[in-house]
Amino acid sequence: MQNGSYHDELDEAPILRSLHREAPFVTPPRFFDELPARVQQRILEEARPRPAAIWWTHVRIPAASLLALVLVAAIAWWPRFGTVETPNAMIADMELQGIELDRLDLDAHDLMAAYGEDPDLYSEVGHGLNSDELTAYLLNEDLSLDQLIEEL
Amino acid sequence: MSDLSDDELLALFRKEDSRHYAFNLLMRKYQRRLYTFIRRMVCDHDEAEDVLQDTFIKVWQKLGDFRGDAQLYSWIYRIAHNQCLDHLRRLKRGLFVSHDAVSERLCGTLDSTEHFTGDHIHRQLQRAIMTLPDKQRAVFHMKYFDELKYEEISTITGTSVGALKSSYHIAVKKIEAWLTADQTKATDPTS
């Protein structure tokens, strides 16, 4: 850095051209003496494995195995979650959701009589379906009672 | 201060038992120049120290891969340049504020003689530099203060020489206009 050194670009910048270029910044005492040691310290700290990293190295394989086991169990048991337990529960659920049984030309009594009380039929109804799926099906298909029984 | 050449430093660095010693010498050789560049970019000492330390950590991590395609100093300067831009970007993102707001915050120490020894015109010059966009500020510093050639700046910034010339030309105009306006205000406060 030299004072007043010449740049073509500064032809039209007399103020910039006239200024000296020394850095006017102040640093704390001994800053440059101590900086290399501080950086070396950081390098050593970053190279040292952290306790969390060591802990993780030991538990990662058992944790991954456990997670895989939980996933497999969840997939195996998934169809059983949320299935209809009884026809009464299904009807209550439908009523809670504002589904008008009248629209389907049946009432709770009809529904129960048609398939709810029949243990064989009930096992067919409940199999693989949860209450939401069943109510959505009933709503969308708008089946007559006979068709409904046939479908089920 | 180390009298060893860059090649000698690199040879020492490549030996396992002298690696830390060589790196220490390398830091002592370049720390002042890098600090001045970074301080001009971020203005504040604490921020400058953070960026400088991060720069040296990066140099430590990457120096083993340095193949001598460029000069060592240009290569280190490039890392410092990128660290500065990353740091400024993080500041803006972290504070959710504009470039001007960040520059104003960073310039906060300029009025304190504890941090700045320059006279009024140098203080105003630094304020004017801080109004430039980050990349243009870096180009201005490399050309005006460090007197690097455009080709060297191009190696450091990865920008074409033509674009650098335009950027520097515009920066000079802006800063000169800023300083002229400041002088006019000082001599005629009514204007």
Residue check, B:E47 against (1) within 10 Å of chain A (Cβ to nearest Cβ); (2) in contact (Cβ under 8 Å) with a residue 12 or more places away in the chain, all met but one. Which one?
(1)
Where residues in segment B:117-161 are of a type in the set (G, A, S) and within 14 Å of another protein chain (Cβ to nearest Cβ), which of them is nearest to B:C107 (Cα to Cα)?
B:A128
Need pairs with beta-carbon distance below 8 Å; first residue under 15 Å from A:R38 (Cα atoms) and within segment B:9-30, second small (G, A, S); sequence gap 6+ or separate chains.
B:L25/B:S2; B:L26/B:S2; B:R28/B:S2
Residue by residue through segment A:1-30, note down the ones that are of a type in the set (F, W, Y) and either over 19 Å from B:E176 (Cα atoms) or at pLDDT 90 or above (or both).
A:F25
Need pairs with beta-carbon distance below 8 Å; first residue under 9 Å from B:A128 (Cβ atoms) and within segment B:164-187, second at pLDDT 95 or above; sequence gap 6+ or separate chains.
B:I175/B:F140
Scan segment B:47-70 for residues that are in contact with a Ser or Thr (Cβ under 9 Å, 6 or more places away or on another chain) and either buried (at least 23 other Cβ atoms within 10 Å of the Cβ) or under 19 Å from B:E104 (Cβ atoms) (or both) and jot them down.
B:A48
Selected residue [away from chain A (no Cβ under 12 Å) and part of a helix (DSSP H, G or I)] from B:R67, B:R93:
B:R93
Restricting attention to segment B:97-120, does a residue exist that is surrounded by fewer than 18 Cβ atoms within 10 Å (Cβ to Cβ) and touching a strand residue (DSSP E or B) at 6+ places or on another chain (Cβ under 8 Å)?
yes
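The values are calculated or read from the model by the stated rules, or taken from the named source; none is laboratory data. Everything numeric in this text was worked out from a predicted model, so none of it was measured. So basically every Cβ, Gly included, is an ideal-geometry build from the backbone, and we count neighbours across all protein chains shown.
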